[in-house]
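S.K.: One structure, pasted below without further comment.
The values are calculated or read from the model by the stated rules, or taken from the named source; none is laboratory data. Fair warning: this is a prediction, and the values are worked out from it, not measured in the lab. Every residue, glycine among them, receives a Cβ derived from its backbone with ideal geometry; neighbour counts consider all protein chains shown.
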Amino acid sequence: MDQVERHAMSEPYDMVFGRKTYDIFASHWPNAPKSAHSDRMNGARKYVMTSQPDSLRWENSLAINNEVAEEISGLKAQDRPLLQVHGSAQLI
């Protein structure tokens, strides 16, 4: 994990989550001890595949609930930070 953090997570990034993984991360990171890593995780924009957008409580979380492939393609086409997928095996 140290190597991943030094390389893949050292530049600005946004994250894409399936709902189950989002819930796991959202239960931990907002309350994690303050560090450079937790600041990056909490500050990153989070795109969440969900049919319950009103229940997203982690800061900077945005719901994607229609046409997932099209939405992700649109995000990738924009000039924005790298999109990372954490966990979310069904989404992948």
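S.K.: Here is a list of conditions, (1) at pLDDT below 85; (2) hydrophobic (A, V, I, L, M, F, W, C); (3) within 13 Å of the chain's Cα centre (by Cα), and V48 meets all of them except one; can you say which number that is?
M.R.: (1)
S.K.: Of all residues in the stretch 18-70, count the ones that are within 22 Å of I92 (Cβ to Cβ), among the small types (G, A, S) and surrounded by 12 or more Cβ atoms within 10 Å (Cβ to Cβ).
M.R.: Here is the first cut: in the stretch 18-70, the ones within 22 Å of I92 (Cβ to Cβ) are 18-29, 40-41, 44-53, 56, 58, 60-70.
Filter once more, so that each one left must be among the small types (G, A, S): 18, 26-27, 44, 51, 61, 63, 69.
Next, from what is left, pick out any that are surrounded by 12 or more Cβ atoms within 10 Å (Cβ to Cβ): 18, 26, 44, 61, 63.
Counting residues in the stretch 18-70 that are within 22 Å of I92 (Cβ to Cβ), among the small types (G, A, S) and surrounded by 12 or more Cβ atoms within 10 Å (Cβ to Cβ) gives 5.
S.K.: Moving on. Is it true that E71 is in contact with a strand residue (DSSP E or B) (Cβ under 6 Å, 6 or more places away or on another chain) and among the acidic types (D, E)? Let's see the steps before the verdict.
M.R.: On the way: in contact with a strand residue (DSSP E or B) (Cβ under 6 Å, 6 or more places away or on another chain): yes; among the acidic types (D, E): yes.
Here the answer is yes, as E71 does meet what is asked.
S.K.: Say whether the condition of being over 19 Å from S27 (Cβ atoms), loosely packed, with under 12 Cβ neighbours inside 10 Å and either modelled with pLDDT of 90 or more or small (G, A, S) (or both) is met by at least one residue in the stretch 79-88.
M.R.: So far as the stretch 79-88 goes, no, none of its residues is over 19 Å from S27 (Cβ atoms), loosely packed, with under 12 Cβ neighbours inside 10 Å and either modelled with pLDDT of 90 or more or small (G, A, S) (or both).
S.K.: Next question. With N65, N31 as the choices, which residue is under 18 Å from D14 (Cβ atoms) and either of a type outside the set (S, T, Y) or in contact (Cβ under 8 Å) with a residue 24 or more places away in the chain (or both)? Explain how you work it out, then say what you get.
M.R.: Working: N31 fails: under 18 Å from D14 (Cβ atoms).
Answer to the check: N65.
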